[in-house]
Amino acid sequence: MMQRRQMLAVVGAAMAAPPALAQSDSVKIGLILPMTGPFTSTGRQIDAAVKLFLAQGGSRAGGKKVEVILRDDGGVPDTTRRMAQELVVNDKVAVLAGFGLTPCALAAAPIATQSKTPLVVMAAGTSSITEASPFVTRTSVTLPQVSVGMAEWSNKVGIKKVVTLVADYGPGYDAEKFYADRVTLNGGTVMEKLRTPLRSPDFAPILQKVRDLKPDALFVFLPSGQGAPFMKQFVERGLDKQGIRLIGSGEITDDDQLSEIGDVALGVITAHHYSAAHPSPMNKKFVADFQAMHKFRPNFMAVGGWDGMRLITNGLNATKGAGGEALMTAMKGQVWESPRGQVYIDAQSRDIVLDMYIRKVERRDGQLWNIEFDAIKALKDPGKSK
Ligand code: PHB
């Protein structure tokens with residue numbers, strides 16, 4: 001395999017050539033997602049949302065045909081980096097998009113910088129990703145946004161003693177720190193901070209520890225896809241019966257897995273940027289169109305993908321189809337209505353500003369949904385003020 005420095009030199013040289021893009025009547029988006037491996041649900045959701053967006057009239061932008069080239073990185077950062085390089089050098093994409101996991105987004109960021117190719121993070125949630133390159137922007141969420149939202153709510157309802165449980169990598173560290181700092185500031189106590197490996201986590205020993213600690217609540221962040229197996233174990237080990245409140249980031253009551261999780265999810269309270277039950281006319285149409293096309297329910301990853309396409313398309317309309325620095329500039333400050341509510345890209349941080357919802361799992365019309373009942377409006381990433 002090519003060394004990183006050599007590879008960046010290749011990327012740089014390729015981009016020094018006159019851009020073919022300006023003359024072309026199509027504009028290419030390189031979409032890199034985990035379509036296989038343990039994080040497939042992320043890839044499947046985002047790919048489905050991108051297909052919906054194109055079918056809804058999004059297949060032209062800036063006077064050009066929009067062409068999406070999908071690549072499966074399996075959630076492996078070295079593969080992401082190689083694919084990003086190939087998409088830029090060989091396929092001459094105007095934008096890189098997708099990125100199911102933080103390490104994958106970070107692996108591709110140097111390619112974005114070298115080639116001046118905008119990179120739109122549709123899934124990953126570690127705050128610092130947008131600081132890895134001036135060409136990175138994001139349409140998902142950051143874990144500090146989610147965790148501060150959850151901490152504010154837990155203080156409000158008088159939860160005092162908590163244990164945190166997070167996946168042992170970037171977004172987990174953000175979740176742990178921002179939840180603990182805010183809860184402590186408001187008078188709560190974090191009894192213990194527990195972590196599980198990103199790949200093949202075993203929740204049994206950790207949950208035994210939580211049982212013994214007997215906190216008022218367990219705060220959890222696990223990446224998308226791990227919610228259902230975690231919930232199953234939580235209940236099998238009887239923690240729900242012990243009176244330990246389960247709270248956390250919305251992955252534990254993922255819309256993609258909620259019916260599989262079943263009634264044990266009833267009453268669980270989470271913070272997140274999107275629920276398929278969001279009661280706006282735009283979201284009702286989004287969910288109906290998505291389900292008609294794909295036969296499954298969209299989750300928060302789908303919305304990150306759909307919004308990513310919206311942002312890219314808005315940008316391309318402004319640049320008349322040009323990529324590069326012009327497109328990056330055009331994407332900063334974009335405001336649009338998303339199925340989750342109004343969002344915008346903060347021009348300074350290039351990160352998304354959104355409403356952070358507090359939701360409770362309830363049964364409606366025979367199905368389980370995350371019903372929003374509180375929100376922090378227009379929340380900027382708290383990770384950027386540090
Ligand atoms: C991430 O790796 O940043 C990540 C992955 C899945 C999530 C959230 C964050 O659900």
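The values are calculated or read from the model by the stated rules, or taken from the named source; none is laboratory data. Predicted, not measured: the structure shown is a model, and the values here were computed from it. Neighbour counts are summed over all protein chains in view; Cβ atoms, including those assigned to glycine, are modelled from backbone coordinates with ideal geometry. The area values use the complete protein model at the heavy-atom level, side chains included, leaving out ligands, DNA and RNA. Shrake-Rupley method; radii C 1.70, N 1.55, O 1.52, S 1.80 Å.
The table that follows gives values for the structure above.
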read-out: Rounded D (µm²/s) - the chain, Kirkwood Rh over Cα pairs, Stokes-Einstein at 37 °C, 0.692 mPa s; value: 156
read-out: Under 10 Å, Cβ to Cβ, from GLN45 - net charge with Lys/Arg +1 and Asp/Glu -1; value: -2
read-out: Other-chain or far-sequence residues with amide H under 5 Å of ASP355's (modelled H); value: ALA378, LEU379
read-out: Charge dipole magnitude, Cβ of K and R +1, D and E -1 - the chain, Cα centre, debye nearest 20; value: 340
read-out: Simple spin-label estimate for ARG195 and PHE373 in nanometres, 7 Å along Cα-Cβ; value: 3.4
read-out: Long-range Cα-Cα pairs in segment 324-386 (distance over 21 Å), rounded percent; value: 41
read-out: Amide hydrogen neighbours beyond the local backbone of LYS64, cut-off 5 Å, H modeled; value: none
read-out: Cβ-based charge dipole, the chain, positive-most Cα from ASN370, GLN342, GLY100; value: GLN342
read-out: Share of Cα-Cα pairs in segment 76-154 lying beyond 19 Å, as whole percent; value: 34
read-out: Eligible lysines near LYS384 by straight Cα distance, threshold 24 Å, same-chain separation 8 or greater; value: LYS116, LYS177, LYS193, LYS332
read-out: Sequence-distant lysines (8 or more away, or on other chains) whose Cα lies within less than 19 Å of LYS51; value: LYS28, LYS64, LYS65, LYS284, LYS285, LYS295
read-out: Probe 1.4 Å - accessible area at LEU258, Å² to nearest ten; value: 0
read-out: Inter-centroid distance (Cα atoms) of segment 190-223 relative to segment 30-97, Å; value: 34
read-out: Largest-first ordering by accessible area, 1.4 Å probe, given options GLU131, GLU176; value: GLU131, GLU176
read-out: Histogram of C-alpha separations across segment 238-315, 10 Å bin width, %; value: 16, 43, 28, 11, 2, 0
read-out: Per-peptide average of other Cβ atoms within 10 Å, ordering 371-378, 48-55 highest first; value: 48-55, 371-378
read-out: Integer Hz, Karplus 6.51/-1.76/1.60 couplings in order for segment 26-42, x for Gly and Pro; value: 10, 10, 9, 10, x, 9, 10, 9, x, 8, 9, x, x, 10, 4, 4, 4
read-out: Under 13 Å, Cβ to Cβ, from GLY315 - net charge with Lys/Arg +1 and Asp/Glu -1; value: +3
read-out: Highest to lowest packing among 310-322, 190-202, scored as the average C-beta count within 10 Å; value: 310-322, 190-202
read-out: The chain - percent relative contact order, Cα under 8 Å, separation 6 or more; value: 18
read-out: Counting DSSP beta bridges with both ends in the chain, the antiparallel % (nearest 5); value: 35
read-out: Residue-level accessible surface for TRP369, protein heavy atoms, 1.4 Å, Å²; value: 40
read-out: Net charge contributed by nearby residues that have their C-beta within less than 10 Å of GLY304 (K/R +1, D/E -1); value: +1
read-out: Two-decimal ratio, segment 90-131, of alpha-carbon radius of gyration to 2.2 N^0.38 Å; value: 1.09
read-out: Partner aspartates and glutamates for LYS241 [C-alpha distance under 13 Å; skip if fewer than 8 residues away on the same chain]; value: ASP216
read-out: Farthest positive-ward along segment 61-181 dipole, Cα basis, beta-carbon charges - from VAL121, MET83, VAL163; value: VAL121
read-out: Part-to-part distance (alpha-carbon centres) for segment 110-163 and segment 238-308, which is given in Å; value: 19
